[in-house]
Protein chains: 2
Amino acid sequence: MRLAELSERTGVSVATLKYYLREGLLHPGATVSRTQADYGDSHVERVRLVRALSEVGGLSLATVGRVLEVITTPGQDWITVLETAQRSLVRPREPGADDDGQGRASPWLQSRDWHVDPHDPFLDELDRAWLACDHAGIGLDEERMDHYADQVVGIAEIDVASVPADPEGAVRQVVLGTILLDPVLSALRKLAQQHVSMTRTQRP
Amino acid sequence: MRLAELSERTGVSVATLKYYLREGLLHPGATVSRTQADYGDSHVERVRLVRALSEVGGLSLATVGRVLEVITTPGQDWITVLETAQRSLVRPREPGADDDGQGRASPWLQSRDWHVDPHDPFLDELDRAWLACDHAGIGLDEERMDHYADQVVGIAEIDVASVPADPEGAVRQVVLGTILLDPVLSALRKLAQQHVSMTRTQRP
C-alpha cells in the first residue's frame, strides 16, 4: 500500500508517518520508484505499536525508539533486557529539599526478603511515590504496604508466567507488558474500587 | 515564615510559589505589611501536595487545581466525590481509525458480575489500554485478565478499607489515594517481577 493508505488504516497523518520514517521509528517501505514506496502489514503493526507506547504507555518518542531497538535486536537474555528496559524508563531523580536520601522502601523490602538489586532504580521510584503519599496525608504505613505487596506479587506471578519460551517473544512480552499493562491495571483498579464500594454499601 | 523560607523548606523556587499563589493553588499568607506576608506549616503542606500531584501523580496544574477544589470543599458524599474526581482525571478519548467503538471491557466485566456504571469513563480507558496491548502483540486474553482482576479486587478492598470514617478525611483519602497510589503500585510491580523471576530462576 501507499503512504496515504497506511495513514488511513492507522488513523495517523501522512506528515506524522513521514516523521516516524525520518526518526527510524518506522522501517522504510519497499522502493517502487524514485518517489514512491510500498508498505505492508508489518508497517501497520509498527505504527500501532508506536501509538500504543506513546499514547497509552505515555512514553516520549525518544523512549519509544529505545524500546523498539531493544525488542527488535535478536538474541538477548530476557532478564538483562528487562533490566535495561526498566532502567531506560525510570525518570531521572530531581534532587530537592524534600529528598532525604534514605527512603523506607529498601528496609521494608528487606524485611519481606524480596530479591531486589539494592541499586535498582525502581527502589528510588518507590521511595518517591511513597514520600508523595506521606506529603499528601495518605496513611500508607508498612502494614498497608504489606497487604498491597501480597496482591502485587500475585500480579507479578501472572506477568512472569505469561512470558513465552522463545527469546524474541519473551523480550517483546517483558518489555511491552511492563509498559502497557500499567494502564490496564490502573483502569481496572478504579473499576474494582467502584465494584467493591457498591457491593459494600448496596447503593441502588 | 517569609516566601524565601517557604521556598527553602519545600525546594520550590520563589517564582514558582508566586505562580501557585496567582493561580490559587496555594492559599494566601497572613498579611504582615503592604508588601509582605507570613506563611505557615499549612503552606508547606500544600506546596508538597501540589508537587506530589503534579510530579509523582503526573497531573497538569489545571487538574491539580480541580482536585484541590474537590478535597477542600467540605460536606461531600464520598462516592460522588470519587466519581467526580475520577471523571476529571480521565483523558478525553481521541477518535481515530483504530476506534472500533465496541470494546471487550464491558462484556467481560458483565460476565464477572461487577457492579460498574456502564457509562463509566474508566471502561473506555480499559478498552483503550487493552486494545493497545493487542496492537503490541501482548497476549492479554480474558483468562489472563481474570487472573489480574482477582488480584486487583484485593487491592481495591485494601483501598476501600483504608477510607476513614470522617467525611473530609474520606474525600482526601479517596481522591489522593486514587491518584498517588498508582505510582506506588507501578514501582512495586516492577520490583515484584524481579523478585518473582529471581526466585524462579535462582540467579545468583
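The values are calculated or read from the model by the stated rules, or taken from the named source; none is laboratory data. Remember, it's a predicted structure, so these values are computed and weren't measured experimentally. Don't worry about glycine lacking a Cβ; one is built from the backbone with ideal geometry, like all the others, and counts go over all protein chains shown. Just so you know, the surface numbers come from the protein's heavy atoms only, side chains and all, with ligands and any DNA or RNA stripped out. Shrake-Rupley method; radii C 1.70, N 1.55, O 1.52, S 1.80 Å.
Some notes on this structure:
- Residues being assigned to a helix (DSSP H, G or I) and open to solvent by 50 Å² or more (accessible area, probe 1.4 Å) - total across the stretch B:150-167: 4
- Residue B:147 being outside any helix (DSSP H, G or I), surrounded by fewer than 23 Cβ atoms within 10 Å (Cβ to Cβ) and at the interface with another protein chain (Cβ under 7 Å from one of its Cβ atoms): no
- Options A:191, A:185, A:176, A:140; residue that is buried (at least 20 other Cβ atoms within 10 Å of the Cβ) and part of a loop (DSSP other than H, G, I, E, B): A:140
- Count of the stretch A:37-57 residues which are outside any helix (DSSP H, G or I) and open to solvent by less than 60 Å² (accessible area, probe 1.4 Å): 4
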